[in-house]
Structures are given as C-alpha cells and as structure tokens.
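All remarks here apply to the structure that follows.
Please treat every number below as a calculation from the coordinates, not as lab data. Not measured: the values here are computed from a predicted model. Methodologically, a virtual Cβ is constructed for each residue, glycine included, from the backbone with ideal geometry; neighbour enumeration extends over all protein chains shown.
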Amino acid sequence: MSKLSADEVRPHVVADALRRHPVLIIGVAIVVAVLVGLLAQGQAASYTSSAKVLIRPTLGNPFAPDTGSSGQQVTIAMQTESQVVDSSPVATIANKKLQPDWVAGSSTVSAVVPPNTQVVQISFTAPSAKAAQTGAQTVAESYLDYRSAQTTSTQKARLDILTKQADTVRASLQTASKAAAAANAAPEAAQQVQLYANQLVSIQNSISTLESGGTDPGNLIAPATLPDKPGGISPLLLAIGGGLVGLAGGLILAIWRERRDKRLRATTDLSVGTVPVLANLVASPSRFAGLSHRSRAASQRPAGEDARAFFQRLRTVTLATSRAPATLAVSAVTSGAPSSQVSLNLARSLMRAGYTVTLVSAETSGRIERALDITASTGLAEALSSKTGTQPELVEVDGLRVLPAGALAEVEALLFSERFSTLLTQLKAGADYVVISSPPAATPAGMGLGVATDAMMLVGIDRVTTADDVEGVAVRASRLGVDIMGLVATPRAHRSLGGRRGEDAALSTEAGADPYGHDVSGPESAMTSDPHHDDVDPAASSTAASGVESGHTDSADEPAREDQASAGLPTSVDTPAAR
C-alpha cells in the first residue's frame, strides 16, 4: 500500500481553505473594508476648483516674443510657464488676498498645460468649496499680474538702455557734424556723420518697437467655478476596494492556516504521515429525524448498505494483510474515537463472510457489552486472574463469540503479562480471527496490548485527530515492534444550534443510539439490512486463504437487526475506493 509524505503539497488546499474557513475570509474582508471606510471618512474633505488662463508672449517671461516658431521651443516655454504658477513670487502676490496664506510648492496649487495650446489650467485645493473657488481665481489673477509686472519691468529696463544709447549716439553725431562742416574737414568726416545717423535711426526704431509691443500678459478665459462635491475617491469606493483586498488577504490567511493544519482530513488524505488511511466513514445528515421507525428504516436502507460496504472494504484489507488465524487490535489514536464500534462491526463483517470470529472487549468503558446487551459479570479480567489456565467462558450473540471485559479496571496491568499472550493463543486456536477492542493506542495499556497481537488497526476522528497524534503512536509502535495496518477515519460529532456538542461516536453506548447524536432508537436503524442479503465482498472472498463460500447468508433475522442498531454506527459511508 502506497504511503505519502506528510509534507506533500495538497492539490485541494485552496478549495479546502474556501470550504473550511469562509468565516475567516469574509471576516477579514469586512474588517479591512470597515477600517478603510473609517479612515477615508475620517479624512477632512477637500474641494478643488480650476481656472484657465490664455497667455500671450511678453518680454521678461518664459513665453516671450523671441521664443521662436518651433513647436518644441513653444512647448518648453509653456511648461516653464506652468512651473512659474506655483512659485514664491506669485504666492507673494496672491497671499495679499488669501487667508490663510498659500505656501508655494505645496499640493495646494497645481498647473497643467493642455497639449498644443497656450492655455494654463490652474487648480486650487481647499477645505471648502468657496475657498477653493476663491483660491483658484486669486492665483490665476496673481499669475497674470506677475507676468504683467515682469513684462513692464523688462520693457522699462530695455527702454532705459536704448535711451542712453540714443543719447550717446546723438552726441557723437553732433560732434561729427561739426567736424564735417569745418573748412579744413577731413575726408572721412562725412562718413562718420552718416554712420552715427544710421545708428541713431536704428536705436529709435527699436525704441518705437519696444513701446508699441504692449504689456498684456494674457487673460482669464475660464473663471474658477464653485465645486459641487469633494474631490478624490469616494469613501464607499475605497471601502469596496479595501474589501476586495481583504478578501485576497483572508484567502491567503486561510490557505496558510489550512497548510499548517495537521488534523486528519478524511475526504482527501490517503495517509497521515507514514500511516495509510484504510477507509473513511462519513456520517450522513439527520434528515430522517421525526419519521416513524418503520418509514425511517425503509428510507435509510441504501445508507445502511453503504455502511455495510464500508466494513466489507475494511474486511478486505484485514483479510489481505492478516492471514487467518490472526489477532487484531482495534485501538483509538486518542480517547474519543469510536474504536469499539469499529471493532464490533468489523467482527460482524468477518463473521458474515464465513469466518469464525471472537470479539474481545479489552477496555473498561463497557461499550461493547451495552451494545450487545451482555450482562455477564465475568470475562477477560477473570480469565487473566485465574491461575489454572482454564479456557475462558465466551458469550455468543447471534453467532458472534464475545469475551466481555469483566472487572478489567482492577487487573489492567495483566494485559502486559504472559497470561494475556497465552489467553490470545488459546482464543486464536478456536477462531479464524480474534478482534480486540483495545484501549487508546497512546496509553500504555493500548500499546502493550498491541505488542501481544499480530497487528493493530488505528481509529481516528476527522478534523480532530492530528498527524502528530498518529505519528507519535507510529513511532512508539515501531520501537516496540507493533505492526500497524493503517488508520480508519470516522466523522466527528456535530454541534447543535445552541452550541451543544452532539454525542460523540465513541461515547454513544446505549442500544439504538446513533453515535453522531441522531435519534435512531427502535428495532430498526441505519444499519438495518436484509438478513438474507448476500454481503460477501468479492474482493474479500478472493483474498481470503480459507476459500470461504461467497454465498453465505446471515442466519439471524430480527436479532441481527437489533444488534446492528445497537452498534450505533452512522448511515453514510465514503471511502477512498468509492471516491
């Protein structure tokens, strides 16, 4: 039988995380969404208003008459103009009208230039809509005032320079004219006069051009408007986005928890550590509650047949791995697993296949005795206490020979003695299989009993038994030379709506009680079957070395139904083979 590593990556980890941790995933999403929504709601509202300015090329500014006609030069000049908007000189002019002052370089003001335009769009952000509108309008006007001031200042400076040049050239022209008018004037005197005259004309033309250029920096083509709603992303959208992020985070957390969860997963695990999972018994819903005993039995007949098929498969494994005669200990990994129910029904399944079976109750709970309605006061304890070595007295119930526990609590230490090994030898001499309902394997009594038997079958609970529990038992068994056949997975007890835990399978001891908390009392139960139905598993019969006839039928009719009901097994079965 193949064994899988405990660290193998499970292919269904995402599906398992979604199925088993939906509350965690949804809870993380809700928490993140609420936190993001609260943070967004707690932030102060901000309003943004914009104004558009059409600028003209003026002296003293980046966009000037001498910029040129190149598209790249114009683009560079316009981008530079947008940077001038959010500058200290403009802020100084605007702060004369704004309250509180605007700090240049902050996120309060932004300016962009739409492609292929001479327009600058100026935006102003403020806590109120009115303040945003006033700020955008003021900054736009201040920006135009700054450009106008820069143009006037540059024009005045250039006029001053040209005026001084004109005065100098005019004085030189007068001097040259006097020299040329003298009687003994030099031949080049006339040329000097002409040269100064041309220079003066050129300077005067420049002055005229400069004075006619104007100082218009541009105009406001789109005044600032009053914003009707706050800017930024809506808190609702932020909360939705936070919820989506929370879903992803919750799924990651659920996958992380699922990967760290070492509990038995009966529906997907083929092995737990080095111990293979032999079969998986899954309880069916209690959808027949409230029906009469007769109608409930008729409705549950298919589920009962599935349960019988489960033990047929378990019987097949037993026959394949333990050749008769053999002794088999059925032991819970930890307390709470229904090992007594598994041992009882496995013994019945072997008996129905034609084998001689002796069931030994080696635990002090008395579950098997109550399930089979055995009232004998003597049993295993008395056989171990006897020094004569006489054959123990067995109780026969519907063809199944049973050795009750008796007062085992007083002599439990004798399970480790030679007397117990001798007793098992005697029982094996008179039966094909001796099935022993053993104490939990994690206890000294359970492991000691496993040493005396040919093999041990472990019983675990889905989503309760952990890989560490199973591996701990496996390690101790390996050290003591105990052969572990594998693990039988059983469902865990359900919880009612009030949070009350349903009766655990291992704790269901009364006849007719469903081990998973459902009311199945009465003469017919989930395990009710046709007493004349051939339930011999072909695989089991082909594996058995004794050549049992496959046409064997149960001889008991109504008593068989009653003791099947008293076994207290669930009504739905799932096994790796069935899947």
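Nearest 20 debye, what's the magnitude of the dipole of the stretch 48-222 about its Cα centre given +1 on Lys and Arg Cβ and -1 on Asp and Glu Cβ?
The calculation lands at about 200 debye.
Under 16 Å between alpha carbons, and skipping anything fewer than 8 positions from Lys164 in its own chain: which lysines qualify?
Lys156
Sort Phe416, Phe310 so the one with the fewest other Cβ atoms within 10 Å of its own Cβ comes first. Provide the component values of the computation, followed by the final result.
Values: Phe416 16, Phe310 26.
Taking fewest neighbouring Cβ atoms as first place, the list is Phe416, Phe310.
Would you list Lys387, Lys229, Lys52 from fewest to most Cβ contacts within 10 Å? Mind dumping the intermediate values first?
Values: Lys387 6, Lys229 9, Lys52 17.
Ascending number of Cβ neighbours within 10 Å: Lys387, Lys229, Lys52.
Can you list the lysines whose alpha carbon sits under 24 Å from that of Lys387, skipping same-chain ones fewer than 8 residues off?
Qualifying lysines at Cα under 24 Å: Lys428.
Mind checking which lysines have their Cα closer than 29 Å to the Cα of Lys130? Skip sequence neighbours fewer than 8 apart in that chain.
Hits, sequence-local ones excluded: Lys52, Lys96, Lys97, Lys229.
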